[in-house]
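Data block below; observations after.
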Amino acid sequence: MIPYEKKSHPSPLISAVAEKFPMIKVITYIIGLFDPYGIDHSERVAILSVEIGKRMNLTDDQLEELELAALLHDIGKLGIPESIRAKPGALTEAEYSLMQQHTIISKKILERMNGGISPNVHAGVLHHHERWDGSGYPYGLIGDTIPIYSQIIGIADSFDAITHTRGYRLAAQYDHAVKQMVFEQNNTVIFSPEPFRHFLEIKVEKHV
Ligand SMILES: [Fe+2]
């Protein structure tokens with residue numbers, strides 16, 4: 001069971017990561033100014049991603065990269081107009097297409113930071129919306145061609161989005177969320193089986 005609570009800012013997690021990557025406090029502060037929901041979401045995704053990563057026996061260095069990638073996975077949304085990013089309703093096809101660009105913008109921002117952030121983190125961020133069956137974006141990667149950090153973050157990101165109220169969509173309870181993730185898209189397996197199996201071992205205590 002893992003704690004899944006709302007954090008104060010800067011949270012202990014961000015403070016800990018900032019010891020190695022001092023810019024993280026500035027970045028998360030900026031994200032918080034634009035999108036307060038986004039920073040809480042990113043922290044919960046980081047907590048859950050690391051929990052999955054531990055169960056997959058990732059090394060400490062890998063867990064650190066995974067945590068950083070999860071914290072920064074949606075930073076590119078700063079480049080998406082607020083009218084689309086915070087639209088209280090379903091996106092049109094054109095808006096959705098623009099929204100998908102946030103993955104590429106996230107990677108471009110990280111590349112420009114030039115702060116010793118591993119290319120593994122860049123890749124983890126770029127591909128966090130790829131799906132196991134190739135139905136994701138931005139490149140439609142399939143199966144194990146998707147970087148492992150992205151496979152994990154994709155699961156944590158989806159679970160967190162489904163279990164929290166956002167825009168026109170109400171939060172789902174744990175059981176409903178898992179069912180939705182298993183059977184989404186006509187029963188196709190869209191999440192990486194191994195991290196998803198470990199995710200199912202984790203009983204998330206509380207969704208805030
Ligand atoms: Fe995203």
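The values are calculated or read from the model by the stated rules, or taken from the named source; none is laboratory data. These numbers come from a predicted model, not from an experiment. Neighbour counts are summed over all protein chains in view; Cβ atoms, including those assigned to glycine, are modelled from backbone coordinates with ideal geometry.
Key figures for this structure:
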| read-out | value |
| --- | --- |
| Residues of the stretch 114-150 classified as part of a helix (DSSP H, G or I) and exposed (fewer than 15 other Cβ atoms within 10 Å of the Cβ), total | 4 |
| Residue that is over 18 Å from residue 118 (Cα atoms), in contact with a Lys or Arg (Cβ under 9 Å, 6 or more places away or on another chain) and free of Cβ contacts under 8 Å to residues at least 60 places away in the same chain, where the choices are 102, 41 | 102 |
| Residue tally, condition in a helix (DSSP H, G or I) and surrounded by fewer than 16 Cβ atoms within 10 Å (Cβ to Cβ), over the stretch 58-82 | 4 |
| Residue count for the stretch 59-99, restricted to those that are of a type in the set (A, V, I, L, M, F, W, C) and in contact (Cβ under 8 Å) with a residue 60 or more places away in the chain | 5 |
| Matching residues, the stretch 181-208, being at pLDDT below 80 and surrounded by 14 or more Cβ atoms within 10 Å (Cβ to Cβ) | 184, 189, 204, 207 |
| Single residue of 119, 138 found to be more than 20 Å from residue 47 (Cα to Cα), within 14 Å of the ligand (Cβ to nearest atom) and of a type outside the set (Asp, Glu) | 138 |
| Residue in the stretch 90-97 that is crowded, with 22+ Cβ neighbours inside 10 Å and within 15 Å of the ligand (Cβ to nearest atom) present | no |
| Residues located in the stretch 141-155, provided they are away from the ligand (no atom under 11 Å from the Cβ) and of a type in the set (A, V, I, L, M, F, W, C) | 141, 142, 146, 148, 152, 155 |
| Whichever residue in the stretch 3-57 is within 17 Å of the chain's Cα centre (by Cα) and part of a loop (DSSP other than H, G, I, E, B) and, among such residues, is modelled with the highest pLDDT | 35 |
| Boolean, residue 47 is more than 16 Å from the ligand (Cβ to nearest atom), in contact with a strand residue (DSSP E or B) (Cβ under 7 Å, 6 or more places away or on another chain) and within 14 Å of residue 149 (Cα to Cα) | yes |
| Single condition residue 75 does not satisfy, out of (1) at pLDDT below 95; (2) among the hydrophobic types (A, V, I, L, M, F, W, C); (3) more than 12 Å from the ligand (Cβ to nearest atom); (4) touching a Ser or Thr at 6+ places or on another chain (Cβ under 6 Å) | (3) |
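Condition check ((1) surrounded by 15 or more Cβ atoms within 10 Å (Cβ to Cβ); (2) out of contact with any helix residue (DSSP H, G or I) (no Cβ under 9 Å at 6 or more places or on another chain); (3) hydrophobic (A, V, I, L, M, F, W, C); (4) at pLDDT 80 or above) across all residues:
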{"residue": "155", "(1), (2), (3), (4)": "yes, no, yes, yes"}
{"residue": "159", "(1), (2), (3), (4)": "yes, no, yes, yes"}
{"residue": "163", "(1), (2), (3), (4)": "yes, no, no, yes"}
{"residue": "169", "(1), (2), (3), (4)": "no, no, no, no"}
